[in-house]
């Protein structure tokens, strides 16, 4: 297909880390000559974000809510057919993108030169626009403070059958978390064991993370297929024995919407939760490369990412902070999260089945 126009030199220069200048006005002008774009994202907030982007720049963009798994399938099929429909993918499956989409030139990563310095290096290749947090929560109606101070307590008889989390067999981010802890969190998990029991961790498992996960799985946690059930099991009012749970920070909106009593387990040793990244990537075969890049630039700004920040999504740009009225209160506890490290993303991908098998082997119902 014949390109709509040549990309200005300044925009080409901006595709490299060595770019000395960036001409946003030129990018906007080039974008206005191109066809409308479609953005895939796993949250419905993308509809409002695309509308706001369109209004701001006088362009036509459509946001479509598409799950991460469906995005992978659609993007691969579209590329193979030479019929790109999704011009931008906001994708929460970083390992899959690194293993399947980037090496095969289905998607590409681009960092705007004028924002690059604000993005920590670990979030640049591939570009992550935000980190999403899963956090440990409790019922504030039942407990004046989080009833658990150490993650090893969740493996004890008191919490047998009373911890709820998403089934790791259904969501890759959970087995990625397992692998990340094994690779990058072992020292802290072992130290938490020492703090809880006053003796060093001794285990036949391959890592402290595996030891904790095996103990947690053996304590008969409730497996759910989504955050809604966990949010209810933990936060619904009037419960005599509510669960402890692990949910997306976005579920704190249920406190206002449904009258739930979710509380953030601050002070939990070693982490109150963990994060995974949402990538912002561009389809290699798009007819609208400048409009796609402009949208990436937009979601790296406070204005662009704000609808998702209200759900507790944490922008990667160091110049943006969570709003004060974000319902979880996570802004004051960012440093207490176990952060995703994309440097081992490919290993996370390669070990997913191994960790699923590990969980199945150890899980008791």
Test: residue in the stretch 60-69 that is farther than 15 Å from residue 280 by Cβ, touching a helix residue (DSSP H, G or I) at 6+ places or on another chain (Cβ under 9 Å) and at pLDDT below 95
yes
Identify the residue in the stretch 315-335 that is assigned to a helix (DSSP H, G or I) and touching a strand residue (DSSP E or B) at 6+ places or on another chain (Cβ under 8 Å) and, among all such residues, is surrounded by the fewest Cβ atoms within 10 Å (Cβ to Cβ).
334
For the stretch 1-46, how many residues are under 15 Å from residue 291 (Cβ atoms) and modelled with pLDDT of 50 or more?
17
Among the residues of the stretch 36-49, count how many are farther than 22 Å from residue 171 by Cβ and either in contact (Cβ under 8 Å) with a residue 40 or more places away in the chain or touching a helix residue (DSSP H, G or I) at 6+ places or on another chain (Cβ under 6 Å) (or both).
6
The listed residue being part of a loop (DSSP other than H, G, I, E, B) and under 21 Å from the mean Cα position of the chain (by Cα), out of 137, 111, 148
111
Flagged in the stretch 58-105 as under 16 Å from residue 173 (Cα atoms) and in a loop (DSSP other than H, G, I, E, B), in numbering order, are 67, 92, 93
Elements of type helices (runs of 4 or more DSSP H) in the stretch 224-314, at least 2 residues being under 21 Å from the mean Cα position of the chain (by Cα) and surrounded by fewer than 24 Cβ atoms within 10 Å (Cβ to Cβ)
227-235, 289-299, 302-309
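The values are calculated or read from the model by the stated rules, or taken from the named source; none is laboratory data. Bear in mind that the values here come from a model prediction, so they are computed numbers and not experimental data. Note that we place each Cβ from the backbone using ideal geometry, even for glycine, and neighbour counts take in every protein chain shown.
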